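**Q** Encoded as structure tokens, here's the structure I'll be asking about.
The values are calculated or read from the model by the stated rules, or taken from the named source; none is laboratory data. Keep in mind the model is a prediction, meaning the values are calculated, not measured. We place every Cβ from the backbone using ideal geometry, glycine too, and count neighbours over all the protein chains shown. For the accessible areas, the whole protein counts, side chains as well, though only heavy atoms, and no ligand, DNA or RNA atoms are used. Shrake-Rupley method; radii C 1.70, N 1.55, O 1.52, S 1.80 Å.
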Amino acid sequence: QVQLVESGGGLVQPGGSLRLACVASRSISSFDAMGWYRRAPGKQRELVATLTSRDGTYDADSVKGRFTVSRDNAKNTVYLQMNSMNLAYNTVYYCNAVARLLTSWGQGTQVTVSS
């Protein structure tokens, strides 16, 4: 498995932007996929956006046009740029990586949308 460390969470006003980062403990260039999930209280973890090894992307319908997932292989980092934030995005976000059929998770970073 790989260790994943998220950062960038915090407080943001409605309509504002935030960028999350997830640093992996080893090279991500060969990963099958990396991306972001979120889990609201009392709900199951859901996919937000993912990036495949061939740079294919998938975004959940609820974030299309607002969130963008990207990566920097040189920094072993995947990012989630979140724009036009609203109260529905107020939750914990988790980094995810799939490598050689093994799935790894970060500890999560809290995003709070509030005026």
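**Q** For the stretch 34-49, what are the residues that are in contact with a Phe, Trp or Tyr (Cβ under 9 Å, 6 or more places away or on another chain) and either assigned to a loop (DSSP other than H, G, I, E, B) or surrounded by 14 or more Cβ atoms within 10 Å (Cβ to Cβ) (or both)?
**A** Gly35, Trp36, Tyr37, Arg38, Arg39, Arg45, Leu47, Val48, Ala49, listed by residue number.
**Q** Name the single residue that is farthest from Gly106 (Cα to Cα) among those in the stretch 8-22 being open to solvent by 70 Å² or more (accessible area, probe 1.4 Å) and in contact with a strand residue (DSSP E or B) (Cβ under 6 Å, 6 or more places away or on another chain).
**A** Leu11
**Q** For the stretch 70-83, name all the residues that are basic (Lys, Arg) and open to solvent by 90 Å² or more (accessible area, probe 1.4 Å).
**A** Correct list: Lys75 only.
**Q** Just to check your reading of the model, which residue among Phe31, Phe67 is closer than 22 Å to Leu101 by Cβ and crowded, with 19+ Cβ neighbours inside 10 Å?
**A** Being closer than 22 Å to Leu101 by Cβ and crowded, with 19+ Cβ neighbours inside 10 Å holds for just one of Phe31, Phe67, which is Phe31.
**Q** Could you please let me know if Ser62 is more than 24 Å from Ser114 (Cα to Cα) and either open to solvent by less than 60 Å² (accessible area, probe 1.4 Å) or in contact with a strand residue (DSSP E or B) (Cβ under 9 Å, 6 or more places away or on another chain) (or both)?
**A** Spelling it out, it is not the case that Ser62 is more than 24 Å from Ser114 (Cα to Cα) and either open to solvent by less than 60 Å² (accessible area, probe 1.4 Å) or in contact with a strand residue (DSSP E or B) (Cβ under 9 Å, 6 or more places away or on another chain) (or both).
**Q** Take Asp61 and decide whether it is on the phi > 0 side of the Ramachandran plot and of a type in the set (D, E, K, R).
**A** Considered against the rule, which asks whether it is on the phi > 0 side of the Ramachandran plot and of a type in the set (D, E, K, R), Asp61 comes out as no.
**Q** Check Ala88 against each of (1) farther than 25 Å from Ser53 by Cα; (2) in contact (Cβ under 8 Å) with a residue 60 or more places away in the chain; (3) among the aliphatic types (A, V, I, L, M) and name the one condition it does not meet.
**A** Ala88 satisfies every listed condition except (2).
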